[in-house]
Amino acid sequence: MSQKTTLYDEHVEAGARMVEFAGWQLPIRYGSLVEEHHAVRRRAGMFDVSHMTVVDIEGAGAREGLRRLLANDVDKIRERGQAIYGCMLDESGGIIDDLITYRLEDDFYRMVVNAATRAGDLEWIARQLADFDARVTERDDLAMIAVQGPQAIDHVVELLGAPDVASLKPFRSLVHGDFFVARTGYTGEDGCEIILPDGMAPETWRKLVERGVVPCGLGARDSLRLEAGLNLYGQDMDRETTPLESNLAWTVAFEPVDRDFIGRQALEKQKSEGVSRKLVGLVLGAGGIPRQGARVVTDAGDGVVTSGGFSPTLERPVAMARIPQAAGDEAIVELRGRELPAQAVKLPFVRNGKPREGLPS
Amino acid sequence: MSNIPSELRFAETHEWAELLEDGAVRVGVSDHAQEQLGDLVFVELPEQGETITRGEACAVVESVKAASDIYAPITGEVVSVNEALNDSPETVNNDPYGDGWLFTVKPGDDNEIDELMDADAYGEHIEE
């Protein structure tokens, strides 16, 4: 039996096409995926992300525990409400999950982890933090709504009567009554993610709908994050890949050198021996759409498409692919027995609602 | 509620077939199918002159999220393909029984189209 979020009835009443995702019933789209996608790039859309797992870490040893647990360093976030993105690694440097960690108080942190990895994450976190004075609490009493797009912040400020939200910098959060509002997201647009009590979610959702914020499904969430060059756990990275092979080297804090985070030794070894693979963007012309698993042929050997699809903003096929480090920019994607020329590019494909400058025509 | 024109025949895999005056059969996907597929962004059609076999994949339609095979509703030789879909695949969504047709086939067996479902039977089929 799959679970329903507290917003399930809202989705069904809106005529959403529901699918099972990570054990949850969630909308894949309400009407047109492409229109939902454009609503986020041009105005404001929202996503029910209540399936994501919120974990609170509290206690005198929380900070030291997280400095051991995470490849990024929570000491980089000094301000109350500040957030940091990074990976939780195993001893061999493989990615267990990617997550955002918020510093709520000096001894109180909040993590948001993927629903698909929930059980393993919770077990791992509890085991690794067992020797620290830190209490781990899964917050399954909370819902989460991501409001994204150039007009998203205006809507949330007016809805909540919270002008402070407008002055939040990226990766900062605040508490407004029962609402936890963070200037974060998974679309590449401005916006925020609201964590709120389950019971308040339906009314908040309906008020946002009345304001003209467009409900968007998992389909648009995927096409938006792909355009934004944001990895999806389980596709673009997993236990078999390290952050250094996943375009996430920037999320690994090797400094200070005496911080002994899990996976550090493996990553240092990989770094000194040379990282053999890289995660890049691919842009293609007409002729087909690359999908996960498609073979990528380069001058330095074969790679594989990790995520692929059609970019509504670029109006062309794009993909993320893991290819040999030494590969040049020209590649071939094999699709249904045909060879599609592709060009490797730096991610993201889209920035601030527009194709990134310098993409090949 | 899906639109199901009474003059068309349908395959279980949601293709429609229409017998034209010159004996060729025009093929497309049903309104129900385009709704299930979502916004189409790419269509890969068979080659003109190619022989296609009933029940076998002969074309691909792709949405933002996924690729789906189109199965030949009858056996025959492809006599024309809807080239306009290369530039505007969304026509399949907007007009699945009209400008969104995929290709026409010269049937190997003129009676094969009669083995497909009529509109009533197809209506029941998609209710299931």
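Just so it is clear, none of the values below were taken in a lab; they were calculated from the coordinates. Owing to the predicted nature of the structure, the values given are computational and were not obtained by experimental measurement. Reconstructed Cβ throughout: ideal geometry from the backbone, glycine too, with neighbour counts over all protein chains shown.
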Segment B:Ser80-B:Glu115, extension gain: residue separation times 0.36 nm, minus the distance between their alpha carbons = 10.3 nm
Cα gyration tensor category, rounded, prolate or oblate, for segment B:9-127 with a/c compared to 1.5 = oblate
Set of lysines near A:Lys346 by C-alpha distance (under 17 Å), chain-local residues within fewer than 8 positions excluded = A:Lys278, A:Lys354
When the Cα centres of segment A:133-151 and segment A:160-223 are compared, how far apart do they sit, in Å?
-> 11 Å
Can you give the net charge of the other residues whose Cβ lies under 11 Å from the Cβ of A:Leu26, counting K and R as +1 and D and E as -1?
-> +2
Determine ³J(HN,Hα), in whole Hz, for all residues of segment A:24-38 in sequence, where each value follows from phi through the Karplus function 6.51 cos²θ - 1.76 cosθ + 1.60 and θ = phi - 60°; x replaces Gly and Pro.
-> 10, 8, 9, x, 8, 6, 8, x, 8, 4, 5, 5, 5, 4, 5
Given springs between every Cα pair under 10 Å in a Gaussian network model of chain A, which of A:Ala331, A:Ala286, A:Ala115 has the largest fluctuation?
-> A:Ala286
Calculated from backbone phi, Karplus (6.51, -1.76, 1.60) coupling profile of segment A:345-358 in Hz, x at Gly/Pro = 9, 6, 8, x, 7, 10, 9, 6, x, 10, x, 5, 5, x
Determine the distance separating the Cα centre of segment B:52-107 from the Cα centre of segment A:69-90; give it in Å without decimals.
-> 50 Å
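Just to confirm the filter: which GluC sites (Glu not before Pro) across segment B:14-115 are DSSP coil and have at most 11 other Cβ within 10 angstrom of their Cβ? Could you put the intermediate results ahead of the total?
Values: sites: B:Glu15, B:Glu18, B:Glu21, B:Glu35, B:Glu44, B:Glu47, B:Glu50, B:Glu56, B:Glu62, B:Glu77, B:Glu83, B:Glu90, B:Glu112, B:Glu115; in loops: B:Glu21, B:Glu47, B:Glu50, B:Glu56, B:Glu83, B:Glu90.
Hits after loop and neighbour filter: B:Glu21, B:Glu47, B:Glu56, B:Glu83.
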In the neighborhood of A:Val156, defined by Cβ-to-Cβ distances under 12 Å, what is the net charge if each Lys or Arg adds +1 and each Asp or Glu adds -1?
-> -2
Sticking to Cα atoms, compute the Rg of the protein assembly as shown to one decimal and its Dmax as the biggest Cα-Cα distance, whole number, in Å.
-> 25.1, 83
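Rounded if a/c is under 1.5, else prolate if a/b is larger than b/c, else oblate: which is segment A:276-361, with a ≥ b ≥ c the root eigenvalues of its Cα gyration tensor? Walk me through the numbers before you get to the answer.
Values: a/c = 1.85, a/b = 1.30, b/c = 1.43.
Oblate, because a/c is 1.5 or more while a/b does not exceed b/c.
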Taking amide hydrogens as modeled 1.01 Å from N in the peptide plane, which residues meet the under 5 Å criterion relative to A:Gly287, leaving out close sequence neighbours?
-> none
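Classify segment A:98-138 from the C-alpha gyration tensor, please: rounded if a/c falls under 1.5, else prolate or oblate depending on whether a/b exceeds b/c. Mind showing how you got there, number by number?
Details: a/c = 2.54, a/b = 1.19, b/c = 2.14.
Note, shape of segment A:98-138 comes out oblate.
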Residues of segment B:54-91 with amide nitrogen under 12 Å from the 7 Å Cα-to-Cβ point of B:Asp22?
-> B:79-81
Length gained, A:Arg336-A:Asn352, 0.36 nm per residue minus C-alpha separation, equals 2.4 nm
In whole Hz, the Karplus estimates of ³J(HN,Hα) for segment A:245-253 (6.51, -1.76, 1.60; θ = phi - 60°; x where Gly or Pro) are 9, 10, 6, 10, 4, 5, 9, 9, 9
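Where does the longest stretch of chain A lie that holds no GluC sites (Glu not before Pro) found in a DSSP loop with 13 or fewer other Cβ atoms within 10 Å? Write down the numbers at each step before the final one.
Working: sites that count: A:Glu79, A:Glu91, A:Glu240, A:Glu315, A:Glu357.
The longest such stretch corresponds to A:92-239.
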